[in-house]
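The structure appears right after this line, and notes come after that.
The values are calculated or read from the model by the stated rules, or taken from the named source; none is laboratory data. The shown structure was predicted, so the numbers you read here are calculated from the model rather than taken from an experiment. Here the Cβ is made from the backbone with ideal geometry for all residues, glycine too, and neighbour counts use every protein chain on show.
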């Protein structure tokens, strides 16, 4: 029998989990919690139990669940206009583009929906720029990427992944990429040749386990790209928009990339919204009909994006991330946890590496869930912590106690 949304709201967790198991493709392995409501840094499941969200939808919820200003912006726009497609202008998209370009210090914005779309757009941009501006011979453009990368799940993007699970069963793959070790500037320099059009890099690698590169790596990459006439493209989909304590993670090294790739938090945790942001001599290579998206930059997403940019301009979330993140990293290190081999982090983005003796990171996350904390594992042995940037010190102290107990007892 068909089920209305009202009926779904009253369905038990075990029934909903069974429905997901039966009808949803198994491309994720979520923790067995069914969330029904959320506010700020906290979520509530269908049975009324509350949990502290320490994942923030992989940084899509930097400003928290249902931020009042973002929800209000969405409500206002829902009563006016939601979609025109790019076949026509609307009254918010140009404003969003201006505000985002200004925030990034660039000339132009190409808006899409998801992060993977933004990465694909950046790849197309770099190749077209390489042919039309740099003068690379047709069909020869090469993009250098780093090992351990995660830039999305499309066929082209997984073509240059070094994670076997991202590639197995999905070939043949798209050519035109060369992989170098992350954090190795000499390897980057050696890989660049006359056909190289771009270096695509995460300022901090998120899916790899919150890997912070050696100090000076991004500065060296900037110098090398400038010397060789190669675009430096920073994938700030997870690391950007306040997550690491600055608006963009590249700011920690005083680096300005040629291309910003943004997503996740740009839509305020309400709408998918992503963008490639660059100067006119780069994004100006596109002409009508050469790239697009029906929903890209739609009025509803643009309304939320404008408000997100206003929040970032205030700097409150960046400061909170820097201060609370420094406190949490130090507190975790001071706890001298057994079976922990490394604690990495920048801002409120932390990776805890576990010795195999502690069991899997998945098992740790399941135990944390039993203690009302929602975190997520990556690569078997790393627990990621990335709460919304609106989380309070009191909430983090509460979580710290439970994290320490669970890992110490592993």
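At a glance:
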{"quantity": "Filter result for residue 403 (surrounded by 23 or more Cβ atoms within 10 Å (Cβ to Cβ), assigned by TED's automatic domain parsing to the domain that holds residue 28 and in contact with a strand residue (DSSP E or B) (Cβ under 6 Å, 6 or more places away or on another chain))", "calculated": "no"}
{"quantity": "Residue satisfying condition, being under 30 Å from residue 110 (Cα atoms) and in contact (Cβ under 8 Å) with a residue 60 or more places away in the chain, within set 299, 338", "calculated": "299"}
{"quantity": "Residue match in the range 315-336 (condition: surrounded by fewer than 16 Cβ atoms within 10 Å (Cβ to Cβ) and in contact with a strand residue (DSSP E or B) (Cβ under 6 Å, 6 or more places away or on another chain))", "calculated": "yes"}
{"quantity": "3 or more residues over 20 Å from residue 148 (Cβ atoms): qualifying strands (runs of 3 or more DSSP E) within the range 213-321", "calculated": "259-262, 274-278"}
{"quantity": "Sole residue being within 19 Å of residue 183 (Cβ to Cβ) and free of Cβ contacts under 8 Å to residues at least 40 places away in the same chain, chosen from 234, 249", "calculated": "234"}
{"quantity": "Residue within the range 338-346 that is in a loop (DSSP other than H, G, I, E, B), buried (at least 18 other Cβ atoms within 10 Å of the Cβ) and on the phi > 0 side of the Ramachandran plot present", "calculated": "no"}
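For (1) at pLDDT below 95; (2) in the same structural domain as residue 181 (by TED's automatic domain parsing); (3) surrounded by fewer than 23 Cβ atoms within 10 Å (Cβ to Cβ); (4) over 30 Å from residue 164 (Cα atoms), each residue gets a yes or a no:
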site: 213; (1), (2), (3), (4): no, yes, yes, no
site: 220; (1), (2), (3), (4): no, yes, yes, no
site: 226; (1), (2), (3), (4): no, yes, yes, yes
site: 236; (1), (2), (3), (4): no, yes, no, no
site: 240; (1), (2), (3), (4): no, yes, no, no
site: 244; (1), (2), (3), (4): no, yes, no, no
site: 248; (1), (2), (3), (4): no, yes, no, no
site: 253; (1), (2), (3), (4): no, yes, yes, yes
site: 282; (1), (2), (3), (4): no, yes, no, yes
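Every residue, every condition in (1) in contact (Cβ under 8 Å) with a residue 60 or more places away in the chain; (2) in the same structural domain as residue 162 (by TED's automatic domain parsing); (3) at positive phi, yes or no:
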position: 350; (1), (2), (3): yes, no, no
position: 365; (1), (2), (3): yes, no, no
position: 370; (1), (2), (3): no, no, no
position: 379; (1), (2), (3): yes, no, yes
position: 384; (1), (2), (3): yes, no, no
position: 387; (1), (2), (3): yes, no, no
position: 393; (1), (2), (3): yes, no, no
position: 396; (1), (2), (3): yes, no, no
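Table: residues versus (1) in contact with a helix residue (DSSP H, G or I) (Cβ under 9 Å, 6 or more places away or on another chain); (2) surrounded by fewer than 23 Cβ atoms within 10 Å (Cβ to Cβ).
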| residue | (1), (2) |
| --- | --- |
| 69 | yes, yes |
| 74 | yes, yes |
| 80 | yes, yes |
| 83 | yes, yes |
| 87 | no, yes |
| 91 | yes, yes |
| 101 | no, yes |
| 112 | yes, no |
| 126 | yes, no |
